[in-house]
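What follows is one structure encoded as C-alpha coordinates, with my remarks underneath.
The values are calculated or read from the model by the stated rules, or taken from the named source; none is laboratory data. The model shown is predicted, which means the values in this text are computed figures rather than measured ones. Positions of Cβ are generated from backbone atoms using ideal geometry, with glycine treated the same way; all protein chains shown enter the neighbour counts. Only protein heavy atoms, including side chains, enter the accessible area calculation; ligands, DNA and RNA are left aside. Shrake-Rupley method; radii C 1.70, N 1.55, O 1.52, S 1.80 Å.
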2 protein chains.
Amino acid sequence: MTRTSGTTVDKAYEQLRDQLVTFGFKPGSRLNESEIAQTLSMSRAPIREALNRLIADGLVSFEPGRGFFCRRLSTSEVNDLYETRFDLESGAIAAALAACDDATLESFAMTWHDRHAAADGGTLDQLVDLDEAFHLGLSALAGNASRLKYLENINYRIRFVRRINLEPGTRRVGGISEHAKLIDAIRHRDTAQAIALLRQHLQKSADEVRLQVQTALAHIYADDVA
Amino acid sequence: MTRTSGTTVDKAYEQLRDQLVTFGFKPGSRLNESEIAQTLSMSRAPIREALNRLIADGLVSFEPGRGFFCRRLSTSEVNDLYETRFDLESGAIAAALAACDDATLESFAMTWHDRHAAADGGTLDQLVDLDEAFHLGLSALAGNASRLKYLENINYRIRFVRRINLEPGTRRVGGISEHAKLIDAIRHRDTAQAIALLRQHLQKSADEVRLQVQTALAHIYADDVA
DNA sequence: GTCGTCAGAATTGTCGACAGCATAGAAGAC
DNA sequence: GTCTTCTATGCTGTCGACAATTCTGACGAC
(Lines give C-alpha, C1' and ligand atoms only; values in the text may rest on other atoms or scores of the structure.)
Protein backbone atom coordinates (compact mmCIF):
# COMPACT_ATOMS: atom_id res chain seq x y z
CA MET A 1 0.00 0.00 0.00
CA THR A 2 2.74 2.41 0.90
CA ARG A 3 6.21 1.53 -0.28
CA THR A 4 6.76 -2.06 -1.28
CA SER A 5 10.51 -2.19 -1.20
CA GLY A 6 12.16 -5.58 -1.10
CA THR A 7 14.01 -5.14 2.15
CA THR A 8 13.28 -7.34 5.14
CA VAL A 9 12.53 -4.45 7.47
CA ASP A 10 9.83 -3.22 5.15
CA LYS A 11 8.27 -6.65 5.03
CA ALA A 12 8.27 -6.75 8.83
CA TYR A 13 6.94 -3.22 8.99
CA GLU A 14 4.05 -3.90 6.66
CA GLN A 15 3.10 -7.21 8.21
CA LEU A 16 3.21 -5.84 11.73
CA ARG A 17 1.36 -2.72 10.75
CA ASP A 18 -1.43 -4.68 9.14
CA GLN A 19 -1.68 -6.94 12.14
CA LEU A 20 -1.67 -4.03 14.57
CA VAL A 21 -4.12 -2.08 12.51
CA THR A 22 -6.65 -4.89 12.57
CA PHE A 23 -5.85 -5.72 16.18
CA GLY A 24 -4.36 -9.08 15.37
CA PHE A 25 -2.61 -8.41 18.65
CA LYS A 26 -4.68 -7.80 21.71
CA PRO A 27 -4.75 -4.14 22.80
CA GLY A 28 -2.20 -3.48 25.50
CA SER A 29 -0.57 -6.89 25.13
CA ARG A 30 3.15 -7.29 25.04
CA LEU A 31 4.72 -8.14 21.73
CA ASN A 32 7.20 -10.98 21.91
CA GLU A 33 10.07 -10.18 19.57
CA SER A 34 11.43 -13.70 19.27
CA GLU A 35 8.01 -15.10 18.57
CA ILE A 36 7.30 -12.55 15.87
CA ALA A 37 10.75 -13.14 14.39
CA GLN A 38 10.05 -16.84 14.14
CA THR A 39 6.61 -16.29 12.65
CA LEU A 40 7.92 -13.97 9.94
CA SER A 41 11.03 -16.16 9.59
CA MET A 42 13.56 -13.43 10.07
CA SER A 43 15.90 -12.31 12.82
CA ARG A 44 14.98 -10.03 15.68
CA ALA A 45 16.92 -7.07 14.30
CA PRO A 46 14.53 -6.10 11.51
CA ILE A 47 11.57 -6.74 13.80
CA ARG A 48 12.95 -4.35 16.35
CA GLU A 49 13.60 -1.76 13.70
CA ALA A 50 10.11 -2.05 12.31
CA LEU A 51 8.64 -1.77 15.79
CA ASN A 52 10.62 1.38 16.43
CA ARG A 53 9.17 2.93 13.34
CA LEU A 54 5.70 1.89 14.37
CA ILE A 55 6.10 3.90 17.55
CA ALA A 56 6.11 6.99 15.37
CA ASP A 57 2.83 5.89 13.83
CA GLY A 58 1.34 5.55 17.28
CA LEU A 59 0.58 1.89 16.71
CA VAL A 60 2.84 0.50 19.42
CA SER A 61 4.26 1.85 22.62
CA PHE A 62 7.53 1.02 24.27
CA GLU A 63 8.72 0.61 27.85
CA PRO A 64 12.45 0.35 28.49
CA GLY A 65 13.43 -3.06 29.71
CA ARG A 66 9.96 -4.44 29.11
CA GLY A 67 9.54 -4.23 25.39
CA PHE A 68 6.91 -3.20 22.88
CA PHE A 69 3.19 -3.19 23.45
CA CYS A 70 0.20 -3.13 21.18
CA ARG A 71 -1.47 0.26 21.50
CA ARG A 72 -4.66 0.54 23.44
CA LEU A 73 -7.66 2.03 21.78
CA SER A 74 -10.50 3.88 23.37
CA THR A 75 -13.32 6.09 22.22
CA SER A 76 -11.74 9.00 24.05
CA GLU A 77 -8.62 8.59 21.95
CA VAL A 78 -10.79 8.69 18.85
CA ASN A 79 -12.31 11.92 20.12
CA ASP A 80 -8.90 13.42 20.64
CA LEU A 81 -7.68 12.41 17.22
CA TYR A 82 -10.73 13.81 15.47
CA GLU A 83 -10.51 17.05 17.40
CA THR A 84 -6.88 17.42 16.42
CA ARG A 85 -7.71 16.58 12.89
CA PHE A 86 -10.30 19.31 12.80
CA ASP A 87 -7.78 21.85 14.06
CA LEU A 88 -5.36 20.95 11.30
CA GLU A 89 -7.80 20.61 8.44
CA SER A 90 -9.66 23.80 9.20
CA GLY A 91 -6.33 25.59 9.40
CA ALA A 92 -5.39 24.10 6.07
CA ILE A 93 -8.60 25.27 4.46
CA ALA A 94 -8.13 28.82 5.73
CA ALA A 95 -4.52 28.84 4.56
CA ALA A 96 -5.38 27.34 1.18
CA LEU A 97 -8.11 29.86 0.45
CA ALA A 98 -5.76 32.65 1.40
CA ALA A 99 -2.90 31.38 -0.72
CA CYS A 100 -4.29 29.68 -3.84
CA ASP A 101 -5.35 31.42 -7.00
CA ASP A 102 -8.69 30.75 -8.65
CA ALA A 103 -7.30 28.42 -11.27
CA THR A 104 -5.85 26.11 -8.64
CA LEU A 105 -9.08 25.97 -6.69
CA GLU A 106 -11.08 25.37 -9.83
CA SER A 107 -8.80 22.59 -10.94
CA PHE A 108 -8.99 21.02 -7.49
CA ALA A 109 -12.78 21.16 -7.55
CA MET A 110 -12.99 19.59 -11.00
CA THR A 111 -10.55 16.82 -10.24
CA TRP A 112 -12.31 15.71 -7.09
CA HIS A 113 -15.75 16.08 -8.54
CA ASP A 114 -14.73 13.63 -11.21
CA ARG A 115 -13.08 11.22 -8.84
CA HIS A 116 -16.14 11.10 -6.64
CA ALA A 117 -18.31 10.41 -9.64
CA ALA A 118 -16.00 7.64 -10.80
CA ALA A 119 -15.94 5.96 -7.39
CA ASP A 120 -19.70 5.73 -7.11
CA GLY A 121 -20.70 2.26 -6.07
CA GLY A 122 -17.20 1.18 -5.11
CA THR A 123 -16.27 -1.16 -2.31
CA LEU A 124 -15.96 -0.07 1.27
CA ASP A 125 -12.19 0.08 1.10
CA GLN A 126 -12.28 2.14 -2.04
CA LEU A 127 -14.61 4.64 -0.46
CA VAL A 128 -12.48 4.92 2.64
CA ASP A 129 -9.45 5.46 0.43
CA LEU A 130 -11.26 8.12 -1.53
CA ASP A 131 -12.37 9.89 1.62
CA GLU A 132 -8.86 9.95 3.02
CA ALA A 133 -7.30 11.01 -0.25
CA PHE A 134 -9.79 13.83 -0.65
CA HIS A 135 -9.11 15.25 2.79
CA LEU A 136 -5.38 14.98 2.32
CA GLY A 137 -5.63 16.54 -1.12
CA LEU A 138 -7.63 19.39 0.31
CA SER A 139 -5.10 19.95 3.06
CA ALA A 140 -2.25 19.73 0.59
CA LEU A 141 -3.57 22.83 -1.17
CA ALA A 142 -2.13 24.89 1.66
CA GLY A 143 1.33 23.58 0.81
CA ASN A 144 2.41 22.97 4.39
CA ALA A 145 4.47 19.80 4.67
CA SER A 146 4.49 19.48 8.43
CA ARG A 147 0.76 19.84 8.81
CA LEU A 148 0.25 17.27 6.11
CA LYS A 149 2.58 14.86 7.86
CA TYR A 150 0.63 15.09 11.09
CA LEU A 151 -2.63 14.60 9.25
CA GLU A 152 -1.31 11.49 7.60
CA ASN A 153 -0.24 10.23 10.97
CA ILE A 154 -3.70 10.80 12.38
CA ASN A 155 -5.26 9.01 9.44
CA TYR A 156 -3.09 6.04 10.11
CA ARG A 157 -4.26 5.75 13.64
CA ILE A 158 -7.91 6.01 12.73
CA ARG A 159 -7.84 4.06 9.53
CA PHE A 160 -7.86 0.55 10.88
CA VAL A 161 -11.26 0.93 12.48
CA ARG A 162 -12.72 2.10 9.25
CA ARG A 163 -11.34 -0.92 7.45
CA ILE A 164 -12.52 -3.67 9.71
CA ASN A 165 -15.57 -5.01 8.05
CA LEU A 166 -17.19 -6.72 10.97
CA GLU A 167 -20.44 -7.61 9.33
CA PRO A 168 -20.34 -7.22 5.59
CA GLY A 169 -23.16 -5.14 4.27
CA THR A 170 -23.98 -3.49 7.56
CA ARG A 171 -21.60 -0.65 7.12
CA ARG A 172 -21.30 2.28 4.82
CA VAL A 173 -18.91 5.15 4.55
CA GLY A 174 -21.01 8.04 5.67
CA GLY A 175 -20.70 11.51 4.37
CA ILE A 176 -18.84 11.01 1.14
CA SER A 177 -21.70 12.84 -0.51
CA GLU A 178 -21.06 15.80 1.77
CA HIS A 179 -17.78 16.37 0.01
CA ALA A 180 -19.64 17.99 -2.87
CA LYS A 181 -20.90 20.82 -0.70
CA LEU A 182 -17.47 21.28 0.78
CA ILE A 183 -15.94 21.49 -2.67
CA ASP A 184 -18.45 24.15 -3.62
CA ALA A 185 -17.68 26.24 -0.57
CA ILE A 186 -14.00 26.02 -1.40
CA ARG A 187 -14.51 27.03 -4.98
CA HIS A 188 -16.49 30.05 -3.83
CA ARG A 189 -13.82 30.91 -1.28
CA ASP A 190 -16.34 30.78 1.52
CA THR A 191 -13.98 29.96 4.38
CA ALA A 192 -16.52 30.08 7.18
CA GLN A 193 -18.94 27.85 5.35
CA ALA A 194 -16.25 25.39 4.36
CA ILE A 195 -15.07 25.07 7.93
CA ALA A 196 -18.59 24.68 9.22
CA LEU A 197 -19.21 21.90 6.71
CA LEU A 198 -15.94 20.28 7.66
CA ARG A 199 -16.92 20.32 11.32
CA GLN A 200 -20.23 18.62 10.58
CA HIS A 201 -18.60 16.12 8.30
CA LEU A 202 -15.92 15.17 10.79
CA GLN A 203 -18.41 14.96 13.62
CA LYS A 204 -20.44 12.47 11.67
CA SER A 205 -17.36 10.48 10.80
CA ALA A 206 -16.23 10.51 14.41
CA ASP A 207 -19.57 9.19 15.59
CA GLU A 208 -19.32 6.39 13.10
CA VAL A 209 -15.82 5.48 14.16
CA ARG A 210 -16.59 5.64 17.85
CA LEU A 211 -19.38 3.18 17.39
CA GLN A 212 -17.11 0.88 15.48
CA VAL A 213 -14.44 1.05 18.14
CA GLN A 214 -16.88 -0.23 20.70
CA THR A 215 -18.04 -3.00 18.44
CA ALA A 216 -14.49 -3.87 17.56
CA LEU A 217 -13.35 -4.00 21.16
CA ALA A 218 -16.25 -6.25 22.05
CA HIS A 219 -15.31 -8.45 19.13
CA ILE A 220 -11.67 -8.63 20.12
CA TYR A 221 -12.36 -9.56 23.69
CA ALA A 222 -15.03 -12.03 22.65
CA ASP A 223 -12.87 -14.52 20.76
CA ASP A 224 -10.15 -14.67 23.35
CA VAL A 225 -6.97 -15.96 21.82
CA ALA A 226 -4.42 -15.99 24.62
CA MET B 1 15.64 16.59 29.95
CA THR B 2 13.35 13.76 28.99
CA ARG B 3 14.01 10.38 30.58
CA THR B 4 17.51 9.81 31.82
CA SER B 5 17.48 6.05 32.05
CA GLY B 6 20.78 4.22 32.22
CA THR B 7 20.32 2.18 29.05
CA THR B 8 22.73 2.51 26.17
CA VAL B 9 20.07 3.39 23.64
CA ASP B 10 18.96 6.33 25.73
CA LYS B 11 22.49 7.59 25.97
CA ALA B 12 22.81 7.35 22.20
CA TYR B 13 19.44 8.98 21.73
CA GLU B 14 20.25 11.94 23.92
CA GLN B 15 23.71 12.49 22.55
CA LEU B 16 22.55 12.29 18.96
CA ARG B 17 19.55 14.47 19.64
CA ASP B 18 21.68 17.18 21.20
CA GLN B 19 24.10 17.02 18.34
CA LEU B 20 21.36 17.13 15.73
CA VAL B 21 19.52 19.88 17.51
CA THR B 22 22.55 22.13 17.49
CA PHE B 23 23.51 21.03 14.01
CA GLY B 24 26.67 19.29 15.11
CA PHE B 25 26.04 17.40 11.88
CA LYS B 26 25.79 19.32 8.69
CA PRO B 27 22.22 19.66 7.39
CA GLY B 28 21.47 17.01 4.80
CA SER B 29 24.66 15.11 5.47
CA ARG B 30 24.72 11.36 5.79
CA LEU B 31 25.25 9.94 9.25
CA ASN B 32 27.87 7.23 9.36
CA GLU B 33 26.68 4.56 11.79
CA SER B 34 30.04 2.93 12.39
CA GLU B 35 31.71 6.25 12.96
CA ILE B 36 29.08 7.35 15.48
CA ALA B 37 29.26 3.97 17.17
CA GLN B 38 32.98 4.34 17.60
CA THR B 39 32.68 7.89 18.87
CA LEU B 40 30.11 6.96 21.49
CA SER B 41 31.97 3.69 22.17
CA MET B 42 29.04 1.39 21.65
CA SER B 43 27.89 -0.99 18.95
CA ARG B 44 25.86 -0.04 15.91
CA ALA B 45 22.66 -1.62 17.22
CA PRO B 46 21.74 1.01 19.82
CA ILE B 47 22.79 3.77 17.41
CA ARG B 48 20.44 2.43 14.81
CA GLU B 49 17.65 2.17 17.31
CA ALA B 50 18.18 5.72 18.53
CA LEU B 51 18.23 6.99 14.96
CA ASN B 52 14.96 5.26 14.24
CA ARG B 53 13.37 7.03 17.17
CA LEU B 54 14.79 10.32 16.00
CA ILE B 55 12.91 9.91 12.74
CA ALA B 56 9.73 10.33 14.72
CA ASP B 57 11.05 13.59 16.13
CA GLY B 58 11.72 14.84 12.63
CA LEU B 59 15.40 15.28 13.40
CA VAL B 60 16.70 12.74 10.92
CA SER B 61 15.40 11.23 7.72
CA PHE B 62 16.00 7.80 6.33
CA GLU B 63 16.48 6.32 2.88
CA PRO B 64 16.47 2.54 2.48
CA GLY B 65 19.87 1.20 1.54
CA ARG B 66 21.47 4.58 1.97
CA GLY B 67 21.12 5.28 5.64
CA PHE B 68 20.20 8.14 7.92
CA PHE B 69 20.57 11.81 7.13
CA CYS B 70 20.65 14.95 9.23
CA ARG B 71 17.46 16.90 8.63
CA ARG B 72 17.63 19.98 6.50
CA LEU B 73 16.40 23.22 7.92
CA SER B 74 14.96 26.12 6.05
CA THR B 75 12.96 29.18 6.85
CA SER B 76 10.05 27.70 4.92
CA GLU B 77 10.05 24.74 7.28
CA VAL B 78 9.93 27.13 10.20
CA ASN B 79 6.95 28.81 8.58
CA ASP B 80 5.19 25.49 8.20
CA LEU B 81 5.85 24.48 11.77
CA TYR B 82 4.60 27.76 13.18
CA GLU B 83 1.51 27.66 11.03
CA THR B 84 0.76 24.14 12.22
CA ARG B 85 1.43 25.19 15.76
CA PHE B 86 -1.08 27.99 15.44
CA ASP B 87 -3.73 25.57 14.17
CA LEU B 88 -3.25 23.33 17.16
CA GLU B 89 -2.90 25.96 19.85
CA SER B 90 -5.86 28.00 18.70
CA GLY B 91 -7.91 24.81 18.60
CA ALA B 92 -6.74 24.03 22.11
CA ILE B 93 -7.77 27.45 23.37
CA ALA B 94 -11.22 27.15 21.87
CA ALA B 95 -11.65 23.68 23.31
CA ALA B 96 -10.34 24.66 26.71
CA LEU B 97 -12.65 27.64 27.04
CA ALA B 98 -15.55 25.46 26.03
CA ALA B 99 -14.70 22.67 28.46
CA CYS B 100 -13.12 24.16 31.58
CA ASP B 101 -15.00 25.62 34.52
CA ASP B 102 -14.16 29.02 35.96
CA ALA B 103 -12.15 27.68 38.85
CA THR B 104 -9.78 25.81 36.53
CA LEU B 105 -9.23 28.87 34.36
CA GLU B 106 -8.68 31.08 37.38
CA SER B 107 -6.19 28.66 38.88
CA PHE B 108 -4.38 28.45 35.56
CA ALA B 109 -4.18 32.23 35.34
CA MET B 110 -2.86 32.59 38.88
CA THR B 111 -0.26 29.89 38.50
CA TRP B 112 1.21 31.29 35.35
CA HIS B 113 1.03 34.86 36.49
CA ASP B 114 3.20 33.89 39.42
CA ARG B 115 5.62 31.85 37.37
CA HIS B 116 6.16 34.69 34.97
CA ALA B 117 6.81 37.06 37.84
CA ALA B 118 9.28 34.61 39.36
CA ALA B 119 11.19 34.17 36.13
CA ASP B 120 11.76 37.84 35.58
CA GLY B 121 15.36 38.49 34.70
CA GLY B 122 16.20 34.84 34.12
CA THR B 123 18.66 33.50 31.58
CA LEU B 124 17.83 32.99 27.94
CA ASP B 125 17.35 29.26 28.39
CA GLN B 126 15.08 29.76 31.35
CA LEU B 127 12.90 32.16 29.41
CA VAL B 128 12.66 29.81 26.47
CA ASP B 129 11.72 27.01 28.85
CA LEU B 130 9.09 29.21 30.46
CA ASP B 131 7.65 30.18 27.11
CA GLU B 132 7.40 26.58 25.99
CA ALA B 133 5.97 25.39 29.26
CA PHE B 134 3.34 28.10 29.26
CA HIS B 135 2.14 27.27 25.78
CA LEU B 136 2.05 23.58 26.55
CA GLY B 137 0.25 24.22 29.81
CA LEU B 138 -2.30 26.32 28.02
CA SER B 139 -2.86 23.63 25.43
CA ALA B 140 -3.07 20.98 28.11
CA LEU B 141 -6.17 22.66 29.52
CA ALA B 142 -8.14 21.20 26.67
CA GLY B 143 -7.21 17.71 27.85
CA ASN B 144 -6.44 16.30 24.42
CA ALA B 145 -3.45 13.96 24.55
CA SER B 146 -2.86 13.61 20.82
CA ARG B 147 -2.87 17.34 20.17
CA LEU B 148 -0.45 17.86 23.01
CA LYS B 149 1.86 15.21 21.63
CA TYR B 150 2.03 16.90 18.24
CA LEU B 151 2.67 20.26 19.87
CA GLU B 152 5.53 18.81 21.86
CA ASN B 153 6.92 17.39 18.68
CA ILE B 154 6.77 20.76 16.99
CA ASN B 155 8.47 22.41 19.93
CA TYR B 156 11.28 19.94 19.63
CA ARG B 157 11.89 20.80 16.07
CA ILE B 158 11.92 24.52 16.70
CA ARG B 159 13.62 24.55 20.05
CA PHE B 160 17.21 24.15 18.95
CA VAL B 161 17.23 27.42 17.08
CA ARG B 162 15.99 29.24 20.10
CA ARG B 163 18.74 27.76 22.20
CA ILE B 164 21.72 28.52 20.07
CA ASN B 165 23.19 31.59 21.61
CA LEU B 166 25.22 32.85 18.75
CA GLU B 167 26.29 36.13 20.18
CA PRO B 168 25.61 36.37 23.88
CA GLY B 169 23.70 39.46 24.82
CA THR B 170 22.37 40.15 21.35
CA ARG B 171 19.30 38.05 21.72
CA ARG B 172 16.20 38.16 23.83
CA VAL B 173 13.13 36.05 24.06
CA GLY B 174 10.51 38.27 22.60
CA GLY B 175 6.96 38.37 23.64
CA ILE B 176 7.06 36.74 27.02
CA SER B 177 5.37 39.87 28.32
CA GLU B 178 2.53 39.28 25.87
CA HIS B 179 1.55 36.21 27.81
CA ALA B 180 -0.11 38.41 30.42
CA LYS B 181 -2.66 39.73 27.95
CA LEU B 182 -3.28 36.22 26.69
CA ILE B 183 -3.87 35.01 30.23
CA ASP B 184 -6.38 37.79 30.76
CA ALA B 185 -8.30 36.95 27.62
CA ILE B 186 -8.45 33.32 28.74
CA ARG B 187 -9.68 34.21 32.17
CA HIS B 188 -12.42 36.33 30.66
CA ARG B 189 -13.33 33.53 28.26
CA ASP B 190 -12.78 35.81 25.29
CA THR B 191 -11.97 33.18 22.68
CA ALA B 192 -11.67 35.50 19.71
CA GLN B 193 -9.38 37.89 21.53
CA ALA B 194 -7.23 35.07 22.91
CA ILE B 195 -6.76 33.59 19.47
CA ALA B 196 -5.96 36.97 17.96
CA LEU B 197 -3.33 37.54 20.62
CA LEU B 198 -1.93 34.08 20.05
CA ARG B 199 -1.62 34.77 16.36
CA GLN B 200 0.30 37.99 16.98
CA HIS B 201 2.48 36.36 19.54
CA LEU B 202 3.38 33.41 17.35
CA GLN B 203 4.00 35.64 14.38
CA LYS B 204 6.53 37.61 16.35
CA SER B 205 8.15 34.45 17.60
CA ALA B 206 8.29 33.04 14.09
CA ASP B 207 9.98 36.16 12.77
CA GLU B 208 12.58 35.88 15.47
CA VAL B 209 13.23 32.23 14.76
CA ARG B 210 13.39 32.71 11.00
CA LEU B 211 16.05 35.32 11.44
CA GLN B 212 18.00 33.02 13.66
CA VAL B 213 17.77 30.18 11.20
CA GLN B 214 19.42 32.29 8.56
CA THR B 215 22.14 33.35 10.93
CA ALA B 216 22.62 29.81 12.11
CA LEU B 217 22.85 28.42 8.60
CA ALA B 218 25.41 31.01 7.66
CA HIS B 219 27.34 30.06 10.74
CA ILE B 220 27.21 26.37 9.98
CA TYR B 221 28.39 26.75 6.44
CA ALA B 222 31.03 29.24 7.46
CA ASP B 223 33.23 26.91 9.50
CA ASP B 224 33.21 24.09 6.98
CA VAL B 225 34.12 20.84 8.60
CA ALA B 226 34.01 18.30 5.81
C1' DG C 1 35.96 16.95 -22.94
C1' DT C 2 32.02 14.17 -21.69
C1' DC C 3 29.76 10.07 -20.92
C1' DG C 4 29.39 5.19 -19.74
C1' DT C 5 31.50 1.09 -17.57
C1' DC C 6 33.69 -1.38 -14.23
C1' DA C 7 36.44 -2.84 -10.28
C1' DG C 8 37.54 -1.72 -5.21
C1' DA C 9 36.23 0.30 -0.98
C1' DA C 10 33.05 1.66 2.23
C1' DT C 11 28.54 1.27 4.42
C1' DT C 12 24.23 -0.64 5.35
C1' DG C 13 21.21 -4.96 6.17
C1' DT C 14 20.71 -9.09 8.67
C1' DC C 15 22.05 -12.67 11.57
C1' DG C 16 23.02 -15.66 15.79
C1' DA C 17 24.88 -15.48 20.47
C1' DC C 18 25.38 -14.10 25.12
C1' DA C 19 24.74 -11.09 29.25
C1' DG C 20 21.59 -8.91 32.28
C1' DC C 21 17.17 -7.80 33.83
C1' DA C 22 12.13 -8.69 34.66
C1' DT C 23 8.55 -11.78 35.52
C1' DA C 24 6.23 -15.76 37.24
C1' DG C 25 5.92 -19.70 40.09
C1' DA C 26 7.31 -22.46 44.02
C1' DA C 27 8.67 -22.81 48.59
C1' DG C 28 8.51 -21.27 53.21
C1' DA C 29 7.11 -18.16 57.35
C1' DC C 30 3.43 -16.47 60.00
C1' DG D 1 -4.98 -19.04 53.97
C1' DT D 2 -2.10 -15.03 52.89
C1' DC D 3 2.12 -12.76 52.33
C1' DT D 4 7.11 -12.75 51.51
C1' DT D 5 11.35 -14.58 49.58
C1' DC D 6 13.86 -16.98 46.47
C1' DT D 7 14.78 -19.40 42.31
C1' DA D 8 14.18 -20.52 37.45
C1' DT D 9 12.70 -19.24 33.17
C1' DG D 10 12.08 -16.23 29.45
C1' DC D 11 12.80 -11.95 27.38
C1' DT D 12 15.14 -7.82 26.14
C1' DG D 13 19.66 -5.20 25.42
C1' DT D 14 23.87 -5.26 23.17
C1' DC D 15 27.48 -7.13 20.62
C1' DG D 16 30.59 -8.67 16.68
C1' DA D 17 30.57 -10.84 12.14
C1' DC D 18 29.21 -11.67 7.55
C1' DA D 19 26.35 -10.80 3.30
C1' DA D 20 24.41 -7.52 0.17
C1' DT D 21 24.20 -3.13 -1.58
C1' DT D 22 25.72 1.43 -2.67
C1' DC D 23 29.22 4.75 -3.52
C1' DT D 24 33.87 6.30 -5.43
C1' DG D 25 37.36 6.76 -8.56
C1' DA D 26 39.77 5.23 -12.55
C1' DC D 27 39.77 3.71 -17.05
C1' DG D 28 38.34 3.66 -21.75
C1' DA D 29 35.02 4.77 -25.76
C1' DC D 30 33.17 8.30 -28.44
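Within the bounds of region B:72-88, is there any residue that is outside any loop (DSSP other than H, G, I, E, B), more than 12 Å from B:ARG157 (Cα to Cα), more than 7 Å from chain A (Cβ to nearest Cβ) and open to solvent by less than 10 Å² (accessible area, probe 1.4 Å)?
No, every residue in region B:72-88 fails to be outside any loop (DSSP other than H, G, I, E, B), more than 12 Å from B:ARG157 (Cα to Cα), more than 7 Å from chain A (Cβ to nearest Cβ) and open to solvent by less than 10 Å² (accessible area, probe 1.4 Å).
Determine if region B:153-162 includes at least one residue that is open to solvent by 30 Å² or more (accessible area, probe 1.4 Å) and either assigned to a loop (DSSP other than H, G, I, E, B) or in contact (Cβ under 8 Å) with a residue 40 or more places away in the chain (or both).
Yes, the conditions are met somewhere in region B:153-162.
Evaluate the following for B:SER74: is it of a type in the set (Ser, Thr, Tyr) and either in contact (Cβ under 8 Å) with a residue 40 or more places away in the chain or away from DNA strand C (no atom under 16 Å from the Cβ) (or both)?
Against the criterion (of a type in the set (Ser, Thr, Tyr) and either in contact (Cβ under 8 Å) with a residue 40 or more places away in the chain or away from DNA strand C (no atom under 16 Å from the Cβ) (or both)), B:SER74 qualifies.
Could you check B:PRO46 against (1) within 16 Å of DNA strand D (Cβ to nearest atom); (2) exposed (fewer than 14 other Cβ atoms within 10 Å of the Cβ); (3) touching a residue at least 24 places away in the same chain (Cβ under 8 Å) and say which number it fails?
Answer for B:PRO46: the failing condition is (2).
Exactly one condition in (1) surrounded by 15 or more Cβ atoms within 10 Å (Cβ to Cβ); (2) among the charged types (D, E, K, R); (3) within 11 Å of another protein chain (Cβ to nearest Cβ) is false for B:ARG17; which is it?
(3) is the only condition that B:ARG17 fails.
Among A:GLY24, A:GLY65, which is surrounded by fewer than 17 Cβ atoms within 10 Å (Cβ to Cβ), within 16 Å of DNA strand C (Cβ to nearest atom) and in a loop (DSSP other than H, G, I, E, B)?
On inspection, the qualifying residue turns out to be A:GLY65.
Only one of these is within 16 Å of DNA strand D (Cβ to nearest atom) and of a type outside the set (S, T, N, Q): A:PHE69, A:PHE86. Name it.
Exactly one residue qualifies, and that residue is A:PHE69.
With respect to the numbered conditions (1) within 12 Å of chain B (Cβ to nearest Cβ); (2) more than 20 Å from A:ARG159 (Cβ to Cβ); (3) of a type outside the set (A, V, I, L, M); (4) assigned to a loop (DSSP other than H, G, I, E, B), which one is the sole condition not fulfilled by A:GLY58?
Exception for A:GLY58: condition (2).
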